[in-house]
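J.: Please see the structure below; I have some questions.
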Amino acid sequence: AMRVMGLVQWRDGNGTLHPVYGMTVQVRDDETVGSELVREMVTGSDGQYDTGTFNHDDGFGAGNPDIFVRFRTNNGAIDVEDGCFACGTYQSDSAIREEFPGGTIVENFTCGNTGTGPACSVLTGLTWISVYARDLAGGNFLDRIRADWPGDTGSSNYACTPSCRINVQPGDRFDWDVLHHEYGHYVMDEFDFEDNPGGEHFIN
């Protein structure tokens, strides 16, 4: 039997740590080719995850499993992806615990405030607003929406050309008011609240 648990945090521009809300955490068993998904969950608003106790073996005669943890910037409502073509969802893998005999694994993860780390801030900010929208809508999430970061540098925006997504310009990685604003455009579009042509708008 084994249990995997930990804390996922993101570091802001001042170096302060915050919990990552909505990070997908996968417990995987490394194989000769690829890996097997063993457990999957999403971090809570406190950044914590915990599989509870479960059983897993590597099959008859294969020895003990080779366990590692994969952290991905998506959940059922939000998918934060690299803005480049076909780069996909951000992810990071822990070290592999080869021939793990069982017991508890504590695997914490911290997203930095440079490089690709701020994608965790974007995920957390958008997860919070998607949960708020869910609560206002009677408990139903809107369909999962993709957010590109770092997106186009001109402005953060919501657009549906060709598919609907939120573009987060590089400098808005910690600006949750901007993230919430752009998600608001998505809400308006989904519920057809207003015939909003979009375009440039800002508060100077």
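J.: Would it be correct to say that ASP57 is over 25 Å from SER121 (Cβ atoms) and in contact with a His (Cβ under 8 Å, 6 or more places away or on another chain)?
T.: no
J.: Restricting attention to the stretch 87-108, report how many residues are of a type in the set (Gly, Ala, Ser) and free of Cβ contacts under 8 Å to residues at least 12 places away in the same chain.
T.: Qualifying residue count for the region: 1.
J.: From the list PHE71, PHE54, PHE100, exactly one residue is within 19 Å of the chain's Cα centre (by Cα) and of a type in the set (Phe, Trp, Tyr). Which is it? Give the steps one after another, and end with the answer.
T.: Details: PHE54 fails: within 19 Å of the chain's Cα centre (by Cα); PHE100 fails: within 19 Å of the chain's Cα centre (by Cα).
Within the list PHE71, PHE54, PHE100, the selection yields PHE71.
J.: Another question, if that's okay. Which of the residues belonging to the stretch 156-171 are of a type in the set (S, T, N, Q), closer than 18 Å to LEU123 by Cα and assigned to a loop (DSSP other than H, G, I, E, B)?
T.: Of the stretch 156-171, the ones of a type in the set (S, T, N, Q) are 156-157, 161, 163, 167, 169.
Right, trim to closer than 18 Å to LEU123 by Cα and you get 156-157, 167, 169.
Listed by number, the residues that qualify are SER156, GLN169.
J.: Name the residue that is nearest to PHE141 (Cα to Cα), counting only residues in the stretch 1-54 that are assigned to a strand (DSSP E or B), of a type in the set (Val, Ile, Thr) and open to solvent by less than 30 Å² (accessible area, probe 1.4 Å).
T.: Step by step, filter the stretch 1-54, then rank; the result is THR24.
J.: Looking only at the stretch 100-123, count how many residues are assigned to a loop (DSSP other than H, G, I, E, B), surrounded by 12 or more Cβ atoms within 10 Å (Cβ to Cβ) and not hydrophobic (A, V, I, L, M, F, W, C).
T.: Number satisfying all stated conditions: 8.
J.: A follow-up question, please. Sort out which residues of the stretch 142-164 are over 15 Å from the mean Cα position of the chain (by Cα), surrounded by 16 or more Cβ atoms within 10 Å (Cβ to Cβ) and not small (Gly, Ala, Ser), and write them in order of number.
T.: LEU142, ASN157, TYR158
J.: Tell me, yes or no, whether the stretch 88-104 has at least one residue that is closer than 18 Å to TRP128 by Cβ and small (Gly, Ala, Ser).
T.: no
J.: Could you check, for the stretch 165-174, whether at least one of its residues is open to solvent by 50 Å² or more (accessible area, probe 1.4 Å), more than 24 Å from GLY13 (Cβ to Cβ) and in contact (Cβ under 8 Å) with a residue 24 or more places away in the chain?
T.: No, that holds for no residue.
J.: State all residues of the stretch 124-138 that are open to solvent by 30 Å² or more (accessible area, probe 1.4 Å) and closer than 13 Å to ALA77 by Cβ; if no residue qualifies, say none.
T.: TRP128, TYR132, ARG134, ASP135, ALA137
J.: Within the stretch 16-64, count every residue that is modelled with pLDDT under 90 and at positive phi.
T.: 4
The values are calculated or read from the model by the stated rules, or taken from the named source; none is laboratory data. These figures come from a predicted structure and were not determined experimentally. Cβ sites come from the backbone with ideal geometry, for glycine too, and all protein chains shown count toward neighbours. Calculation scope for accessible area: heavy atoms of the full protein, side chains included, ligands and nucleic acids excluded. Shrake-Rupley method; radii C 1.70, N 1.55, O 1.52, S 1.80 Å.
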